[in-house]
Amino acid sequence: MPGDGPVRATPFDELEFFRAIHKSGARALLIGRRALVLLGLPVLTADYDFWLAIDDIATFNAAAATMELTTTVTPDEARRRGRYVLENDEHVDVLVARSAPTIDGRPVVFEDLWRSRQRIELTAGVHVELPDIDGLILTKEMGGRPKDLEDIRLLRIRREENP
């Protein structure tokens with residue numbers, strides 16, 4: 001009977017999640033604070049944020065499904081909205097717009113970020129793609145929240161230390 005047993009979390013392994021995305025071939029950029037964590041910056045976050053090539057929604061969702069992450073909308077609805085969420089015990093925000101504006105109206109184009117991306121190797125055969133430092137700064141300028149401003153400050157310091 002439901003509710004009679006202990007509550008169990010879904011089995012989520014971050015490395016396996018990144019491996020599934022990498023193996024899928026989806027053009028997915030890790031953005032947000034999780035990207036900053038992978039760069040070694042001292043920030044905390046509880047979720048994942050990706051910017052995905054608009055034609056790779058089904059591929060990305062299939063990779064996420066291996067981790068029992070389910071989508072909140074159909075791919076067509078995601079394209080109309082420009083974003084969607086995958087969730088279970090984990091939360092993954094997915095941006096699927098071809099471009100998005102910064103808070104001051106400058107366009108940030110996915111294809112530009114993809115061309116200048118950096119690759120972080122987590123372990124042999126598992127890579128995560130993320131925007132280069134300037135691209136990450138641009139994605140943070142799309143939000144304009146106080147934590148985004150702090151993240152931009154940290155990214156600029158990182159850029160100065162590693163030109």
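The values are calculated or read from the model by the stated rules, or taken from the named source; none is laboratory data. What you see is a predicted model, and the numbers here were worked out from it, not measured in a lab. FYI the Cβ positions are ideal-geometry reconstructions off the backbone, even for glycines, and counts take in every protein chain you see. Side chains are part of the model used for accessible areas, which takes the heavy atoms of the whole protein and leaves out ligands, DNA and RNA. Shrake-Rupley method; radii C 1.70, N 1.55, O 1.52, S 1.80 Å.
Descriptive notes on the structure:
- Within the accessible area of the chain (1.4 Å probe), percent carbon and sulfur: 51
- The overall shape of the range 38-113 is oblate: from the C-alpha gyration tensor, with semi-axes ordered a ≥ b ≥ c, the ratio a/c is 1.5 or greater and a/b is no larger than b/c.
- Of the trypsin sites (Lys or Arg not before Pro) in the range 32-129, those whose Cβ has at most 13 other Cβ within 10 Å and which sit in DSSP loop: 98
- Inter-label distance for residue 37 and residue 66, nm, one decimal - labels placed 7 Å from Cα along Cα-to-Cβ: 2.0
- Stretched out straight at 0.36 nm per residue, the stretch from residue 150 to residue 76 would grow longer than its current Cα-Cα span by 23.2 nm.
- In this label model, residue 89 and residue 121 are separated by 3.1 nm, measuring between points 7 Å along each Cα→Cβ vector.
- Restricting the calculation to Cα atoms, every distinct pair contributes to the Kirkwood radius of the chain, found to be 16.5 Å.
- Taking label positions 7 Å along the Cα-Cβ direction at both residue 160 and residue 103, the computed distance is 2.1 nm, reported to one decimal.
- Each pair of Cα atoms in the range 108-163 enters the Kirkwood radius, and Stokes-Einstein at 10 °C and 1.306 mPa s then converts it into a translational diffusion coefficient of 131 µm²/s.
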